[in-house]
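J.: To start, I am sharing the structure in question, which I have written as structure tokens.
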Amino acid sequence: MVLVAIISLLCGILCGQLLFSPQMTEVFALLADATLYLLMFAVGISVGLNKQVFRRLREYHFKILVIPFGIVVATIAAGFLASLISGLPFYEGVPVACGLGWYSLSGVLLTNLAGAKVGTLAFLSNLLREIFSFLSIPFVAKHFNHYTAIAPAAATSEDTTLPLLMKYTSEEVVLMAVFNGVLCSAVVPVLIRFFYAFLR
């Protein structure tokens, strides 16, 4: 599955460079959205067929927030560490990390806040996080536990990495992953703006 995903990405890059015009981007964006909605519909059916999932989720109560909270805190800490190692000022390095894998939004936000250099860094850093999550989710799910596999995906656990989580975990974990992705995605713009202003 991971190898197929990587090959598909590389083939898409080649096709974008050699075959398609920039105007085709809008067509493919519509196709991607339609595919994502179909995937979410399929996930809904799968979760709905498992009668135990909602009973288990009701038992969690506030514990359902532990995974997104842990992901956000660990990401912020990693942003501080990466800033120290790379020599970037904290007000640039930490917001870059706070993209949580949402490369398109973080790139645009930080371009507007800090300029093209930091925006490009945010785009590439969060794109690499998403690619790394494709590679690491099967390993983490196999050698640790299924819930831990949500962590590398961060904000992408509700969309691009969802097929991998569906394949390597359970319906209960997939539902948690969607919830995690929604929460992480919601806090991305807040975290980026907050840390950029607060650490300056």
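J.: Does PHE179 satisfy the criteria of being among the hydrophobic types (A, V, I, L, M, F, W, C), in a helix (DSSP H, G or I) and either free of Cβ contacts under 8 Å to residues at least 40 places away in the same chain or open to solvent by less than 50 Å² (accessible area, probe 1.4 Å) (or both)?
T.: no
J.: Scan GLU92, GLU158, GLU172, GLU130 and give me the residue that is among the charged types (D, E, K, R) and touching a Ser or Thr at 6+ places or on another chain (Cβ under 6 Å).
T.: From the options GLU92, GLU158, GLU172, GLU130, the qualifying one is GLU130.
J.: Shifting gears a bit: Report those helices (runs of 4 or more DSSP H) wholly inside segment 65-121 carrying at least 1 residues which are over 15 Å from ARG200 (Cα atoms) and touching an Asp or Glu at 6+ places or on another chain (Cβ under 7 Å).
T.: 103-114
J.: Also, I was wondering about something else. List the number of the failed condition for ILE45; all other conditions in (1) modelled with pLDDT under 75; (2) open to solvent by less than 50 Å² (accessible area, probe 1.4 Å) hold.
T.: (2)
J.: Let me ask you something else. Could you list all residues from segment 104-129 that are touching a residue at least 40 places away in the same chain (Cβ under 8 Å) and surrounded by fewer than 20 Cβ atoms within 10 Å (Cβ to Cβ)?
T.: Across segment 104-129, the qualifying residues are LEU105, LEU113.
The rows are residues; the columns are (1) in contact with a Gly (Cβ under 8 Å, 6 or more places away or on another chain); (2) among the hydroxyl-bearing types (Ser, Thr, Tyr).
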{"residue": "SER106", "(1), (2)": "yes, yes"}
{"residue": "ALA114", "(1), (2)": "no, no"}
{"residue": "LYS117", "(1), (2)": "no, no"}
{"residue": "ALA122", "(1), (2)": "yes, no"}
{"residue": "LEU128", "(1), (2)": "no, no"}
{"residue": "ILE131", "(1), (2)": "no, no"}
{"residue": "PHE134", "(1), (2)": "no, no"}
{"residue": "ILE137", "(1), (2)": "no, no"}
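J.: For the structure I just gave you, tell me whether ALA97 is under 21 Å from VAL66 (Cα atoms) and buried (at least 19 other Cβ atoms within 10 Å of the Cβ). Spell out how you get there, then give the answer.
T.: Values: under 21 Å from VAL66 (Cα atoms): yes; buried (at least 19 other Cβ atoms within 10 Å of the Cβ): yes.
In short, yes.
J.: Those residues that are at pLDDT 75 or above and either part of a helix (DSSP H, G or I) or basic (Lys, Arg) (or both), I need them from segment 9-30; list them, please.
T.: LEU10, CYS11, GLY12, ILE13, LEU14, CYS15, GLY16, GLN17, LEU18, MET24, VAL27
J.: If a residue must be open to solvent by 100 Å² or more (accessible area, probe 1.4 Å), within 15 Å of PHE179 (Cα to Cα), among the hydrophobic types (A, V, I, L, M, F, W, C) and modelled with pLDDT of 70 or more, how many such residues does segment 48-73 contain?
T.: Residues that pass the stated criteria total 2.
J.: How many of the residues in segment 130-165 are open to solvent by 70 Å² or more (accessible area, probe 1.4 Å), in a helix (DSSP H, G or I) and more than 19 Å from GLY107 (Cα to Cα)?
T.: 4
The values are calculated or read from the model by the stated rules, or taken from the named source; none is laboratory data. Remember, predicted model here, so these are calculated numbers, not experimental data. Using ideal geometry, Cβ is built from the backbone for each residue, glycine included, and neighbour counts are taken over all protein chains shown. Remember, those area values only see protein heavy atoms, side chains included, never the ligands or the DNA or RNA. Shrake-Rupley method; radii C 1.70, N 1.55, O 1.52, S 1.80 Å.
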